[in-house]
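Here is the structure we will look at, set down as structure tokens.
The values are calculated or read from the model by the stated rules, or taken from the named source; none is laboratory data. Please read all numbers here as calculations on a predicted model, not as lab measurements. Here the Cβ is made from the backbone with ideal geometry for all residues, glycine too, and neighbour counts use every protein chain on show. Heads up: the accessible areas ignore ligands, DNA and RNA and are worked out on the full protein's heavy atoms, side chains in. Shrake-Rupley method; radii C 1.70, N 1.55, O 1.52, S 1.80 Å.
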Amino acid sequence: MATPSPTPQPPARRQGGCLPALLILAVLLGLGYGASRIFGDSDASSSSSSSSSSAGNDKEASWNVGDCGGPDPDDRPDGYRAVDCGDSGATFKALAVMEASILPDAIQCPAGTDLIIQVKITFGSSGSKSGGLPSKTVCGRNLSASHPGDAGAGGGQLVKGDCITDTAQEIACASAAGSGYKVLDLVKDAKSCPSGTTEPMRLTLAIGRPYDVICAAKV
């Protein structure tokens, strides 16, 4: 996961959802792969089993759509690893797998993404959890019934259909009545906002982000 400025130019740097600092799982000897949560529901890991099957380097390196993953018991709370979808430790399924980016704002996962996992490649055997080069980005959806990334649910990345405050902070639409705004579109320029927009919120510059204006309407 910046301090927003007041409307009509409220937010300083909007990335959507809760974005904790990146963490990387333990480095394997030689060439290794690690997966760590960029954002997501931390509760998803708390209920998982510690008996998750181990995932080797090749499996970590070759994430595909439909693959499953779960928390790494050796690197809680943000370390993840690939596991079989039938494994008791599986907590999410990959909706999309894309190239990684060193620019957090450039990562745009599909709607319904509950958490983003960044896979890193590491070299050497230092054992550090803080290094590594981004290799892939895995957009995951919880296997449980909890889906904070759904439009209007109040979590995940900002998407059309979400609700925000007058400082562009995402909130659940269920609690937005009277004081919140509905996101109608995310565009580069306010002139591109659709009809019905009453509050075009211009964001401060963030390199890599595909939009600079939130087209919003009072709820």
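With the simple model of a label 7 Å out from the Cα in the direction of the Cβ, residue 144 to residue 84 spans 2.4 nm.
The aspartates and glutamates whose alpha-carbon is closer than 15 Å to the alpha-carbon of residue 218, local same-chain residues fewer than 8 away aside, are 162, 166, 170, 185, 199. Take residue 165: with every protein chain present and a 1.4 Å probe, its accessible area is about 40 Å². Going down the table (136/188; 160/182; 120/188), which pairs top 19 Å between alpha carbons? Those over the limit are 136/188; 120/188. For residue 219, nonlocal amide neighbours, meaning residues 5 or more places apart or on other chains whose placed amide H falls under 5 Å from its own, are 178, 180, 181, 182. The stretch between residue 204 and residue 165 holds 12.4 nm of extra length on full extension. This uses 0.36 nm per residue minus the Cα-Cα distance.
Using the Cβ-Cβ distance between residue 192 and residue 98 with R0 = 25 Å, the FRET efficiency computed as 1/(1 + (r/R0)^6) comes to roughly 0.55.
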